[in-house]
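The values are calculated or read from the model by the stated rules, or taken from the named source; none is laboratory data. Just so it is clear, the structure is predicted and the values come from calculations on it, not from any experiment. Note that each Cβ is placed from the backbone with ideal geometry, even for glycine, and that neighbours are counted across all protein chains shown.
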Amino acid sequence: MDNHDLITRTADFVREKFLHEGSGHDWEHIRRVWQVARALARDTPQADPLITELGALLHDVADWKFHDGDEEVGPRASRAWLESLQAEESVIQAVEVIIREISFKGLGVATPMSSVEGELVQDADRLDAIGAIGVARAFAYGGHKGRPLHDSSVPPEVHESFESYKKNTAPTINHFYEKLLHLRERLHTPAAQRVAEQRHAFMELFLTQFLREWEGEDVR
Ligand code: ADP
Ligand code: NI
């Protein structure tokens, strides 16, 4: 199978699997991450486009958030899929590593990517977690998990381990302070950092207005 077929077969597989997902981890999220990773790859000649595209398409194939916190289901599902297409072992291995490393694991936990393709996919995934879409996705996820929007009596936490980050059930507004507002500083590529500026500013504006309305300050 040539590279083009590997990518289109994988896109079809993932589209089918995620079409009816309602937690913000849907096909359209994957499609955006795929497009953005591809755009970032154009500025990064040392990145292998096949690995970047397969990594983007498969990055959420079986996210630990929906599999009892099991971090190995995603890498395993990606390997099984690419083996079924008889992809080269080096490609399977590279994509598996991206999926193992990509997730945010808590504010106090470093998440370095060991390949340049992984950096592009992680940047694309993180750009989709901020800005207007990031706001929408956070509340879609919170709704899916039955979390309150906000509770001023629950302070945001700095999670020092992936285990404590996974156990978190705080209100959705806390997620901005525990993750989303910090993603801008954790991007690898200058192109993604540029895009993040405006998206970050939008989130800050959103939070200011949200908290004003929450306290009724705009009504007084
Ligand atoms: P990551 O691998 O960094 O977790 P994902 O593509 O899996 O990235 O998407 C993570 C997105 O899921 C977040 O950006 C957010 O929209 C949502 N999410 C995850 N945890 C929470 C949470 N505790 N509250 C609200 N949204 C969350
Ligand atoms: Ni994702």
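Evaluation of Ala129 against the conditions (1) under 24 Å from Trp27 (Cα atoms); (2) within 12 Å of ligand 1 (Cβ to nearest atom); (3) assigned to a helix (DSSP H, G or I); (4) modelled with pLDDT of 95 or more shows that the sole unmet condition is (3).
State the number of residues belonging to the range 153-169 that are under 20 Å from Leu107 (Cα atoms), of a type in the set (S, T, N, Q) and assigned to a loop (DSSP other than H, G, I, E, B). Break it down stepwise before answering.
Residues of the range 153-169 under 20 Å from Leu107 (Cα atoms): 154-169.
Keeping just the survivors that are of a type in the set (S, T, N, Q) gives 161, 164, 168-169.
Next, from what is left, pick out any that are assigned to a loop (DSSP other than H, G, I, E, B): 161, 168-169.
Selection size over the range 153-169: 3.
Pick from Glu83, Glu119: which is more than 16 Å from ligand 2 (Cβ to nearest atom), in a helix (DSSP H, G or I) and not small (Gly, Ala, Ser)?
Glu83
When the range 1-43 is filtered for residues that are among the hydroxyl-bearing types (Ser, Thr, Tyr) and surrounded by fewer than 20 Cβ atoms within 10 Å (Cβ to Cβ), the ones remaining, listed by number, are Thr8, Ser23.
Filtering the range 175-198 to residues that are closer than 11 Å to Leu40 by Cβ and part of a loop (DSSP other than H, G, I, E, B) leaves Leu187, His188, Thr189.
Applying the criterion of being hydrophobic (A, V, I, L, M, F, W, C) and more than 15 Å from the chain's Cα centre (by Cα) to the residues of the range 162-183, the residue that is farthest from Val121 (Cα to Cα) is Ala170.
Criterion first (within 16 Å of ligand 2 (Cβ to nearest atom) and among the small types (Gly, Ala, Ser)) does Ala132 satisfy it? So Ala132 fails the test. Screening Ala110, Ala140 for residues that are surrounded by fewer than 20 Cβ atoms within 10 Å (Cβ to Cβ) and part of a loop (DSSP other than H, G, I, E, B) leaves exactly one candidate, Ala110.
Do we find that Glu117 is surrounded by 24 or more Cβ atoms within 10 Å (Cβ to Cβ) and not aromatic (Phe, Trp, Tyr) in this structure? The answer is yes for Glu117.
Scanning the range 146-157 for residues that are touching a residue at least 40 places away in the same chain (Cβ under 8 Å) and loosely packed, with under 13 Cβ neighbours inside 10 Å yields a single hit, Ser152. For the residues Arg32, Arg76, Arg42, Arg9, the requirement of being over 17 Å from the mean Cα position of the chain (by Cα) and in contact (Cβ under 8 Å) with a residue 60 or more places away in the chain singles out Arg9. Among the residues of this structure, Leu85 does not count as one that is within 12 Å of the chain's Cα centre (by Cα) and touching a residue at least 24 places away in the same chain (Cβ under 8 Å). Just one of the listed residues (Phe176, Phe162) is under 19 Å from His25 (Cβ atoms), more than 16 Å from ligand 2 (Cβ to nearest atom) and surrounded by 20 or more Cβ atoms within 10 Å (Cβ to Cβ), namely Phe176. Can we say Gly143 is away from ligand 2 (no atom under 15 Å from the Cβ) and small (Gly, Ala, Ser)? So Gly143 fits the description; yes.
Among all positions in the range 51-68, there is at least one residue which is free of Cβ contacts under 8 Å to residues at least 12 places away in the same chain, farther than 15 Å from Leu6 by Cβ and within 16 Å of ligand 1 (Cβ to nearest atom).
So in the range 40-68, with the set limited to residues that are aliphatic (A, V, I, L, M) and away from ligand 2 (no atom under 16 Å from the Cβ), which one is farthest from His188 (Cα to Cα)? Show your work before the answer.
Our first condition is that a residue be aliphatic (A, V, I, L, M); within the range 40-68, this holds for 40-41, 47, 50-51, 54, 56-58, 61-62.
Narrowing further to those that are away from ligand 2 (no atom under 16 Å from the Cβ): 41, 47, 50-51.
On the way: Ala41: 12, Ala47: 13, Leu50: 19, Ile51: 17 Å.
Per the criteria, the residue is Leu50.
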